[in-house]
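In what follows, a structure is listed as C-alpha cells, so that the remarks can point back to it.
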Amino acid sequence: MCLAIPSMVIEIDEVHRTGKIDYLGTKVKTNFALLDDVRIGDWVIVHAGFAISRLDEEDAQETLDLLREIAEKS
Amino acid sequence: MARTNEFRDKKVIGALLARIAENKRSLPSPCRIMEVCGTHTMTVHRYGLQSMLEKAGIEMVSGPGCPVCITPGEVHEAAIRLVTENENVILATFGDMTRVPTHLGSLQNAVPAKGSAVKIVYSPEESLDLARQKRNKEIVFFGVGFETTIPSIAVMAKAAAGEELSNYSILSALWLIPPPLRAILESGEVKLSGFLYPGHVSAIIGQEPYAFVAREFGFPGVIAGFEPGDILLGIISILDQIREGRPRVANEYTRVVRPEGNPVAQALMREVLEPKDACWRGLGVIPGSGLKFKAEYSAYDTEVKHDLRITARGIDLPGCRCGEVLRGILPPSRCPLFAKKCTPESPCGPCMVSFEGACLVHYKYRGPKS
Amino acid sequence: MKKISLELGSGGKSMRDFIARTIVPAFKNPMLAELLDASHLPGRIAFTTDSYVVDPIFFPGGDIGKLAVNGTVNDLVVSGAVPQYISLGLILEEGLEWNALEKILRSLKAAASRARVEIVAGDTKVVKQGQGDKIYINTSGIGKVIAKPRPKLIRPGDKLILTGTLGEHSLAILTARGDFGLEARVQSDCAPLTFLLPFWKNGLLWMRDITRGGLATILSELTEKIPYPLLIEEDEIPLSKAVQAASELLGIDPLYLACEGRAVLVVPGEKTHDVLARIKKNPLGRKAAIIGQVEGKIGRPGELLLRTSAGGLRLLEPLSSELLPRIC
C-alpha cells in the first residue's frame, strides 16, 4: 500500500544500509539500499520497509503554497 | 512535519473542487479519468471525493493498480500448495495476500503441513531475517508488487545471494505499470479522458515510461500524490491539458517524484531481473509486462527451486467478475455479487480482499443509503 | 478431510459461524444461547470462562497472568456482575523457566487483589516441549449479578461513552513481538473495569469491553440488538500518539484494534455528562469521551455510521478477519 507519510531518518547502519525512521515518535526498521547517501535527519518516503524516495522540502513547500493560494482565491 | 493535514483541509478541498467544476464547464465532452493506482482509489473514496467530483462532471474509473488483485489465481494456489504439501516451509507474505480466495481456499484457511506456517510481514526484509534466524526452515517470500515494491525484492535476492542463504527463495509476481496502460488503450474498451499515474511507482520509474500515452494515443496524464489535495491538483492538470490540446506527462508530485525516477532502484532491477510476458487477471497475457529473476539468481527463484510450473490463465472463479473490474469496464457496484454474496467477510474475488482492491474500497467507504 | 485452520480463531465470520452453528445448537440451553460475555445463572450468579494464549507472555504493561485475571473480570463486569471468584488452569510447556512462572503467578495475585477477586480453584498440567508454547492459562469466573444489560431500553439520543484511548494492547503486543520492525512507546491498557460497576445502578443501559475486533466490531454487534442506527464521530475518538502513528504507518484502522481495559457504554442522554465526569475521575477513565450516539434521524436500523474528520458519513463493518493472531 502506498502510504505517503514522510518520515525522518533517525538511525543508519552504513554497512547494511538499514536503519530506522521516526513518525510521531513511533519508529520502524527501514532499508535504505534504494537511496544513495541517506543521512540522519533526511525526510524519506517509505514503502513496505524500504525508503524509495527523498522528500524535497522546497517542492513540498511550493505545492503547499499553491494549495493555499487556490484556497484563498475562492 | 504534520504538513500532510493541509493537503486534506476542508477549505482547500472545497476550493480545488470549485476550480475543477469551473474548468470542466468549458469542456464539451464528458470527462472520465482512470486512477491507475489502488491507493488513489482509496483516497478518492475514503474522503468522499468521488461524489463531489461527479457533481463537478468528472467520473473516476479504477484501473488495474492492485497487485494482489491482478495476480492470477494459479500463483496464489501455488503458494497454498507450497505450505500445505511441504513440511517446514514458512511462507512470508503481505497481509491481504492471505485472504485471496482460490479453488484451493485461501492461505488463511489453509492448514499448513507439519512444521510449516504462513507469516504476515510488512517488509520483504522481515522474510530475509526469518531465513537468517531459522536455518532449519525453508523460507519462501511470496512477493507481489509493482515497480514500487520490485526494487526491494531485487535487494532481497541480491542479499540472499551475497550471504549464500540456501533456505531462502522468492515466489514472485512482479508487475510493470506501463504495459497494461497500453493494453487498455489498444483495446479501446473504456472511453477515457486521461490517466492519474501512480505516485510511488513513478518515484521509481520517473516520467518517461508514460510518454507513449500522450505521444501515441494523445491522452493527458499526471503523476499525483496520495493526499486529497494531490489528486485534485492532478485532475486540474488533466483538464488544463485537455483544454490546451496539449497532452503530456505532468508531474504534480514533485516533492517525491524526480523526472528521472530513482536510478539506484532502476539499476538494481536491471541487475537482478529481466522482462517476461506475463498473464494478468482479467487482462490476459501482456507482452513484457512482468519481471522474472535472471538465470544467475535462479537459486532464489521459488518457481525454479521448487519446480512449480505455474500455468496462469488469469480467469476468475465462477461468478466473480474481478477481471472486468480491473479492466475498468465494470464498476464494482454493478457486479451482481457486490455486497450480496461477495463481502469483505466472505470475498468471492481478490478485489474484495485487498486494501487497494476496487470492490473493497467501494464497499468499505460506501455511505448510508438515503 | 476438513481440518481446523487458524482462520477459525481469527475472531471474524468463521468464528461467529462456528459458535452459532456448531456450539450453540450442540449444547442447547437458554443461558448459552444469549451469548453474553458471562452467562447469568439461577440464583443471581454470573459465570464465564476464557483461555489466554498471548504471544509473547510478557509485554509492555502486562503479562499473560494479568491478562488472564482482567479478561475474565471484565467479562463479568460488562455482563452486570460483581466479580468474586476465579479458577486458574495452567498448561505449562516442559522447559518453561521457573522465574517466568513465578513472575506470572505474582502478577496473577496482584491482578486478583486489585480486582478484588479470589483465586479459589486451580489445575496444572505440563505438556512436552513443542506441544504447547511456554504457558497457556484458562480462568473461569463467578460473580454476583447486580444488573442486566438492557439493550431494549436504548433510544435515539442515548450517548456512547468510550472509557479511554483505543488499541494500545494490540500495539504493545506487536511491538513486543518485534513484528513489522515496529518500535513504539506504548503500554498495554490491560486493566480491570471494576470501577465501572457503580454505573449499573445509575441508569447504564449497556456496556462491553473492547477486546478482539475493536470498537467497530463491538458496536456493530450492538446494532443487531437495537432498532436504531449508531453514529460515532471520528474526531471524538481518543487515540494515543503511538497508536495514531503506527496505524498510519502500517495502514491499519484503530477502530479495529483490541484493548484489554477499555469499555464502551450506552448511557441515557440526560445522564451522560454526570457519568462521563465520574468516569474521568478514575485514573483508568481519564481520557474517556462521548464518541457518538444512538441515531434517530440519520441512517437505517442495523447501521453503524462513522462521521469522518473530512465530514463524510460512511458505514462501518465488523472485523472480517484478525490479521494479528494470539493477542490475548
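Here's a check for you: in the stretch C:133-150, which residue that is touching a Lys or Arg at 6+ places or on another chain (Cβ under 9 Å) and in a loop (DSSP other than H, G, I, E, B) is surrounded by the most Cβ atoms within 10 Å (Cβ to Cβ)? It comes out as C:Pro149.
Each row is one residue, and each column tells you yes or no for (1) over 20 Å from B:Val190 (Cα atoms); (2) touching a Phe, Trp or Tyr at 6+ places or on another chain (Cβ under 7 Å); (3) surrounded by fewer than 24 Cβ atoms within 10 Å (Cβ to Cβ).
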site: B:Glu6; (1), (2), (3): yes, no, yes
site: B:Asp9; (1), (2), (3): yes, no, yes
site: B:Ala15; (1), (2), (3): yes, no, yes
site: B:Glu22; (1), (2), (3): yes, no, yes
site: B:Pro28; (1), (2), (3): no, no, yes
site: B:Thr41; (1), (2), (3): no, no, no
site: B:Met52; (1), (2), (3): yes, no, yes
site: B:Gly63; (1), (2), (3): no, no, no
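The sole residue among B:Phe212, B:Phe219 that is closer than 22 Å to B:Arg258 by Cβ and away from chain A (no Cβ under 14 Å) is B:Phe212.
In the list B:Ser169, B:Ser116, B:Ser127, which residue meets the criterion of being surrounded by fewer than 24 Cβ atoms within 10 Å (Cβ to Cβ) and touching a helix residue (DSSP H, G or I) at 6+ places or on another chain (Cβ under 9 Å)? Before you say what the answer is, go through the steps one by one.
Details: B:Ser169 fails: surrounded by fewer than 24 Cβ atoms within 10 Å (Cβ to Cβ); B:Ser127 fails: surrounded by fewer than 24 Cβ atoms within 10 Å (Cβ to Cβ).
Being surrounded by fewer than 24 Cβ atoms within 10 Å (Cβ to Cβ) and touching a helix residue (DSSP H, G or I) at 6+ places or on another chain (Cβ under 9 Å) holds for just one of B:Ser169, B:Ser116, B:Ser127, which is B:Ser116.
For residues in the stretch B:228-272 being touching a residue at least 12 places away in the same chain (Cβ under 8 Å) and among the hydroxyl-bearing types (Ser, Thr, Tyr), which is farthest from the other protein chains (Cβ to nearest Cβ)? Per the criteria, the residue is B:Ser237. Looking across C:Arg208, C:Arg185, one residue alone is assigned to a loop (DSSP other than H, G, I, E, B) and either under 21 Å from C:Val294 (Cα atoms) or among the charged types (D, E, K, R) (or both). It is C:Arg185. Residues in the stretch C:285-300: is at least one within 14 Å of another protein chain (Cβ to nearest Cβ), in contact with a Gly (Cβ under 8 Å, 6 or more places away or on another chain) and under 29 Å from B:Phe7 (Cα atoms)? No.
Of all the numbered requirements in (1) modelled with pLDDT under 90; (2) crowded, with 22+ Cβ neighbours inside 10 Å; (3) over 24 Å from B:Pro228 (Cβ atoms), A:Cys2 misses one, and that requirement is (3). Scanning the stretch B:94-113 for residues that are touching a strand residue (DSSP E or B) at 6+ places or on another chain (Cβ under 6 Å) and surrounded by fewer than 23 Cβ atoms within 10 Å (Cβ to Cβ) turns up just one, B:Gly95.
Counting only helices (runs of 4 or more DSSP H) wholly contained in the stretch B:1-116, the ones carrying 1 or more residues that are within 11 Å of chain C (Cβ to nearest Cβ) occupy B:10-25, B:38-46, B:49-55, B:73-85. Regarding the stretch A:49-61, can at least one residue be identified that is under 30 Å from B:Asp129 (Cβ atoms), part of a strand (DSSP E or B), of a type outside the set (Val, Ile, Thr) and at the interface with chain B (Cβ under 7 Å from one of its Cβ atoms)? Yes, that holds for at least one residue.
Selection of the stretch C:114-128 for residues being assigned to a loop (DSSP other than H, G, I, E, B) and exposed (fewer than 11 other Cβ atoms within 10 Å of the Cβ) yields only C:Lys128. A single member of C:Tyr256, C:Tyr228 is farther than 22 Å from B:Glu345 by Cα and within 14 Å of another protein chain (Cβ to nearest Cβ), and it is C:Tyr228.
From the list B:Val100, B:Val68, B:Val140, the lone residue that is assigned by TED's automatic domain parsing to the domain that holds B:Ser169, more than 15 Å from the chain's Cα centre (by Cα) and β-branched (Val, Ile, Thr) is B:Val140.
Is it true that A:Val46 is part of a strand (DSSP E or B), more than 7 Å from chain B (Cβ to nearest Cβ), in contact (Cβ under 8 Å) with a residue 40 or more places away in the chain and out of contact with any Cys (no Cβ under 7 Å at 6 or more places or on another chain)? Considered against the rule, which asks whether it is part of a strand (DSSP E or B), more than 7 Å from chain B (Cβ to nearest Cβ), in contact (Cβ under 8 Å) with a residue 40 or more places away in the chain and out of contact with any Cys (no Cβ under 7 Å at 6 or more places or on another chain), A:Val46 comes out as yes.
Only one entry of A:Thr26, A:Thr63 meets the criterion of being without any contact (Cβ under 8 Å) to a residue 12 or more places away in the chain, surrounded by 19 or more Cβ atoms within 10 Å (Cβ to Cβ), farther than 26 Å from B:Gly206 by Cα and over 13 Å from the mean Cα position of the chain (by Cα), and that entry is A:Thr26. Pick from the stretch C:315-328 the residues that are out of contact with any helix residue (DSSP H, G or I) (no Cβ under 7 Å at 6 or more places or on another chain) and buried (at least 18 other Cβ atoms within 10 Å of the Cβ): which of them is nearest to C:Glu7 (Cα to Cα)? Across the stretch C:315-328, the extreme among qualifying residues is C:Glu322. For beta carbons closer than 8 Å, sequence separation of 6+ or different chains, a first residue in the stretch B:346-370 that is more than 18 Å from C:Lys13 (Cβ to Cβ) and within 13 Å of chain C (Cβ to nearest Cβ) and a second that is surrounded by fewer than 19 Cβ atoms within 10 Å (Cβ to Cβ) and of a type in the set (Val, Ile, Thr), the qualifying pairs are B:Pro368/C:Ile298. Here are some conditions: (1) touching a Gly at 6+ places or on another chain (Cβ under 6 Å); (2) at pLDDT below 95; (3) assigned by TED's automatic domain parsing to the domain that holds B:Gln108. B:Ile33 meets all but one. Which one does it not meet? (2) is the only condition that B:Ile33 fails. Go through the stretch B:331-355 and give me each residue that's assigned to a loop (DSSP other than H, G, I, E, B) and closer than 17 Å to C:Ser321 by Cβ. If the condition is that a residue be assigned to a loop (DSSP other than H, G, I, E, B) and closer than 17 Å to C:Ser321 by Cβ, then B:Thr343, B:Pro344, B:Glu345, B:Ser346, B:Pro347, B:Cys348, B:Gly349, B:Val353, B:Ser354, B:Phe355 are the ones that fit. Within the stretch C:151-175, the set of residues being surrounded by fewer than 20 Cβ atoms within 10 Å (Cβ to Cβ) and either in a helix (DSSP H, G or I) or within 12 Å of chain A (Cβ to nearest Cβ) (or both) comprises C:Pro151, C:Lys152, C:Leu153.
Of all residues in the stretch B:256-313, those satisfying the criterion of being part of a strand (DSSP E or B) and charged (D, E, K, R) are B:Glu274, B:Lys276, B:Asp277, B:Lys292, B:Asp301.
Within the stretch C:95-139, count every residue that is more than 26 Å from the chain's Cα centre (by Cα) and in contact (Cβ under 8 Å) with a residue 40 or more places away in the chain. Count: 0. Checked against the criterion of being more than 17 Å from the chain's Cα centre (by Cα) and not hydroxyl-bearing (Ser, Thr, Tyr), the stretch C:212-224 has at least one qualifying residue. In the stretch B:191-235, the residue that is nearest to the chain's Cα centre (by Cα) out of those that are closer than 26 Å to B:Arg19 by Cα and among the β-branched types (Val, Ile, Thr) is B:Ile223. Note on the stretch C:301-312: among residues that are touching a residue at least 24 places away in the same chain (Cβ under 8 Å) and at the interface with chain B (Cβ under 9 Å from one of its Cβ atoms), the one that is farthest from the chain's Cα centre (by Cα) is C:Ser309. Applying the set (1) farther than 20 Å from B:Leu268 by Cβ; (2) in contact with a Ser or Thr (Cβ under 6 Å, 6 or more places away or on another chain) to B:Glu74 leaves exactly one unmet item: (2).
The values are calculated or read from the model by the stated rules, or taken from the named source; none is laboratory data. Please read these numbers as outputs of a predicted model, since none were measured by experiment. Because the Cβ atoms are built from the backbone with ideal geometry, glycine has one as well, and the counts that use them run over all protein chains shown.
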